[in-house]
């Protein structure tokens, strides 16, 4: 018997050329295709279980061509979709869509055209089911591509970004901050001393008052002593705080002045006025 | 008399050759239909389809004839080629052996039908080329 061969030049996409015995086609029935598909599915599932989705996709694809089976072609696209999902791979998702095109050709032909008993890989009842399955894979692959592209466009959130924004403390900041703290403490001590003096002065008036006797006089004395102690402690704190704070601030300011101009902006400094003292901030705007 | 023969002899020799040339189908030149399907080497009946019975009848009738070879090309886009109800491959397909006679050919890209018709290959076979799509 003369052996008939056909040569197919299949270009693009690296599609494998199916082996065809065109002039004497073997009957492709749903039963024969299902039986042939079973072994391929088993082998493919083992590959999927071992994580080699690409190998499974390629096996389904080559066997789908050989058997002219749209179901295997859809399975190939499903494996590529899963690969795209796992590896966040746009090329894999695009390959899934590309492979579905041939499956769609077959399925729409089986649905709409003058089919032959020579090629019935699935029953006419299965055609719409497989079509729905293929369309679902296509839409999922397209959604994956969009999601991966969106994720690539979104800015990367760096957990250290907040820390970096604060930046390195300017030179002298610690000295100035400590000095300011001591200055505030000294001013508080001054207030305490002034309060003590006021208490002492009031007690002194009571003590010197000739109408105050015995118990009240004694109480006034105690108040006066407490007021004196408060005044002493307060003014001591005020003296130490103001002097030490001022010294620290001056040192900090000097240190900052030695730094680059950009680092000198907004320098806190003690202010001595005729009516009192305070903490000011100077800087360039 | 001799002069008449010198004129008649070339005419008598040339006549059969001319008759043979006229008798050959005009399929050698590419013919395009309104759907943008161009055929070379066969006749094309656009829109026609065959059923399995007609296909079997054609196969039986042409069984002993020498194969022609069919090439299908798309000018743009993609599509799959189906011949006599069987998926062949994505286009382009080249040198598919086909018996002379009628074959239904369809090219589609998914749901979109690009070409459908009956290819009538002459008895002497040869190369048949189907080109689909507007230039």
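Since every read-out is calculated from the coordinates, none of them should be taken as a lab result. Computed from a predicted structure; not experimentally measured. So basically every Cβ, Gly included, is an ideal-geometry build from the backbone, and we count neighbours across all protein chains shown.
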Practice prompt. Let me know the Kirkwood hydrodynamic radius for region A:30-150, please, with Cα pairs as the basis and the value in Å to one decimal.
Written response: 14.5
Worksheet item: With no solvent and one point on each alpha carbon, what is the Debye value of log10 I(q)/I(0) for region B:75-135 at q = 0.18, 0.22 Å⁻¹?
Response: -0.63, -0.93
Worksheet item: Rg/Rh for region B:27-132: what does it come to with C-alpha atoms and Rh from Kirkwood?
Response: 0.93
Practice prompt. Let me have the relative contact order for region A:30-150, percent, based on Cα pairs under 8 Å that are six or more residues apart.
Written response: 26
Discussion item. How would A:60, B:95, A:109 line up from fewest to most surrounding beta-carbon atoms within 10 angstrom?
Written reply: B:95, A:109, A:60
